[in-house]
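Q: Supplied in structure tokens, the structure appears directly below.
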Amino acid sequence: MAETGAPLVAADEAPAYSAPTLDPTAPVAAPLEFYNAEAEDADSGYPGPTRVRRASTLPSSILNYRKENGRTYHSYGSTEHWGPNDEAAKDQQDLSHHFWTLLLEGQFYLAPIKPPKKVLDLGTGTGIWAIAMGDEFPEATITGTDLSPIQPSWVPPNCHFEIDDFNKEYGRENSYDLVHTRELLGTIPNWVDFFKKAYAALEPGGWIDCTEPAIKLGSTHYAFPASHPWAMWYSIFTAIDAKSGLAFDIAPSLKSAMQEAGFVNIIEKKTNVPIGKWPKDKRQKELGAWNQLRIDTGLRDFAERRLKTVMEWENDEILVLVAKCRASVQDPREGLCHDIYHVYGQKPERCVEAGQLK
């Protein structure tokens, strides 16, 4: 392959990419719960019930993670996701959660529903958001779903996790008053279909609340030339979008996809957030510092798998691009920033489905 700075190969000139189907015989209609609801193994000294992982109840195919480039990835599900699930990746996810909570000024979602009663967190990852919600709303039931059982063993009694694939039908019709998603970019083949499944899972009047970062970075000081690492980054991931069918630059399109899926009362809040400690304002400086840290520690996780499987890059090429982007992120003279999209919408209170009023 040419040097990192060389022009990209046009999507129609490159070999077609087809994400492998993982574990196609595994049932996905009935999610696999992997916490013991009775907490029979709980420490009696712990104040109140909790849930304990029972890894022995999981099929070995789920626990036998795929190993690539010294990292581990999920083995269950219909779509090959870009994110690793090892300890380094889990640490980065938990670090990112602090940034997202700081950005929302201590809130965990923006949809106008308080308190929620039954919550579904799709792509829960380490489960840190679901656990925080369980603590914040002890009367609510919080369910987190993911392809990997990487959540902690000790969680609030009203919080539990399941192995499930949000790209498949998950049979939860009219069950929740809040569905939450965060940073699912690059994992969903069809966002309208994804929102339709979430729509079906919500009870009438329920809300979906989504947060996604824009992958196009900019500067407050100057326009990036084509040779700038972040200009190259955006061009590369635009090509990955086209070749893989898994959109990374989805944030600006969330609202229209929600509308097409049938949601109403949709609100889009776009916030331009600094990357780095360069702002003079105290709050912006703090946000920028945490945003810089989450991006710096997550760059390789985000890029490596897609650059290898879709763009067919070599390890050295990937490391060069990641190093250049990191150097830019760490340079306060760059004045880096990007947009964060918070989009939430409501399932109508009374809606017609399959000819019946619900």
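The values are calculated or read from the model by the stated rules, or taken from the named source; none is laboratory data. All values reported here derive from a predicted model rather than from experimental measurement. Here the Cβ is made from the backbone with ideal geometry for all residues, glycine too, and neighbour counts use every protein chain on show.
Q: Tell me, which strands (runs of 3 or more DSSP E) wholly within the range 60-141 include 3 or more residues that are hydrophobic (A, V, I, L, M, F, W, C) and in contact with a helix residue (DSSP H, G or I) (Cβ under 9 Å, 6 or more places away or on another chain)?
A: Result: 118-122.
Q: Going by what's in this entry, would Ala226 be described as in a helix (DSSP H, G or I) and of a type in the set (A, V, I, L, M)? Break it down stepwise before answering.
A: Values: in a helix (DSSP H, G or I): no; of a type in the set (A, V, I, L, M): yes.
Considered against the rule, which asks whether it is in a helix (DSSP H, G or I) and of a type in the set (A, V, I, L, M), Ala226 comes out as no.
Q: Let me ask something else. Got at least one residue in the range 306-321 being assigned to a strand (DSSP E or B), surrounded by fewer than 20 Cβ atoms within 10 Å (Cβ to Cβ) and at positive phi?
A: Kept after step one, since they are assigned to a strand (DSSP E or B), are these residues of the range 306-321: none.
No, the range 306-321 contains no residue that is assigned to a strand (DSSP E or B), surrounded by fewer than 20 Cβ atoms within 10 Å (Cβ to Cβ) and at positive phi.
Q: Of the residues that make up the range 260-272, is at least one crowded, with 21+ Cβ neighbours inside 10 Å and over 18 Å from Leu185 (Cβ atoms)?
A: yes
Q: If you don't mind, another one. Any residue in the range 115-128 that is modelled with pLDDT of 95 or more, touching a His at 6+ places or on another chain (Cβ under 9 Å), surrounded by 19 or more Cβ atoms within 10 Å (Cβ to Cβ) and within 20 Å of Glu286 (Cβ to Cβ)?
A: Yes, some residue in the range 115-128 is modelled with pLDDT of 95 or more, touching a His at 6+ places or on another chain (Cβ under 9 Å), surrounded by 19 or more Cβ atoms within 10 Å (Cβ to Cβ) and within 20 Å of Glu286 (Cβ to Cβ).
Q: On the given criteria, is Gln151 without any contact (Cβ under 8 Å) to a residue 12 or more places away in the chain and either surrounded by fewer than 20 Cβ atoms within 10 Å (Cβ to Cβ) or in contact with a helix residue (DSSP H, G or I) (Cβ under 9 Å, 6 or more places away or on another chain) (or both)? Don't jump to the end; show me each part of the working.
A: Numbers: without any contact (Cβ under 8 Å) to a residue 12 or more places away in the chain: no; either surrounded by fewer than 20 Cβ atoms within 10 Å (Cβ to Cβ) or in contact with a helix residue (DSSP H, G or I) (Cβ under 9 Å, 6 or more places away or on another chain) (or both): yes.
Considered against the rule, which asks whether it is without any contact (Cβ under 8 Å) to a residue 12 or more places away in the chain and either surrounded by fewer than 20 Cβ atoms within 10 Å (Cβ to Cβ) or in contact with a helix residue (DSSP H, G or I) (Cβ under 9 Å, 6 or more places away or on another chain) (or both), Gln151 comes out as no.
Q: So if I check each of Asn64, Asn85, which one is crowded, with 19+ Cβ neighbours inside 10 Å, farther than 14 Å from Arg300 by Cβ and either modelled with pLDDT of 90 or more or of a type in the set (S, T, N, Q) (or both)?
A: Values: Asn64 fails: crowded, with 19+ Cβ neighbours inside 10 Å.
Just a single option satisfies the conditions, and that option is Asn85.
Q: Quick one: which residue in Asp193, Asp177 is surrounded by fewer than 21 Cβ atoms within 10 Å (Cβ to Cβ), at pLDDT 95 or above and either part of a strand (DSSP E or B) or β-branched (Val, Ile, Thr) (or both)? Give the derivation first.
A: Numbers: Asp193 fails: either part of a strand (DSSP E or B) or β-branched (Val, Ile, Thr) (or both).
Within the list Asp193, Asp177, the selection yields Asp177.
Q: Checking the condition part of a loop (DSSP other than H, G, I, E, B), over 19 Å from the mean Cα position of the chain (by Cα), within 30 Å of Leu202 (Cα to Cα) and modelled with pLDDT of 95 or more, which residue from Pro279, Pro348 passes?
A: Values: Pro279 fails: within 30 Å of Leu202 (Cα to Cα).
Checking each option against the conditions leaves just Pro348.
Q: Quick check, is Lys308 in contact with an Asp or Glu (Cβ under 6 Å, 6 or more places away or on another chain) and closer than 30 Å to His74 by Cβ?
A: On the way: in contact with an Asp or Glu (Cβ under 6 Å, 6 or more places away or on another chain): no; closer than 30 Å to His74 by Cβ: yes.
The answer is no for Lys308.
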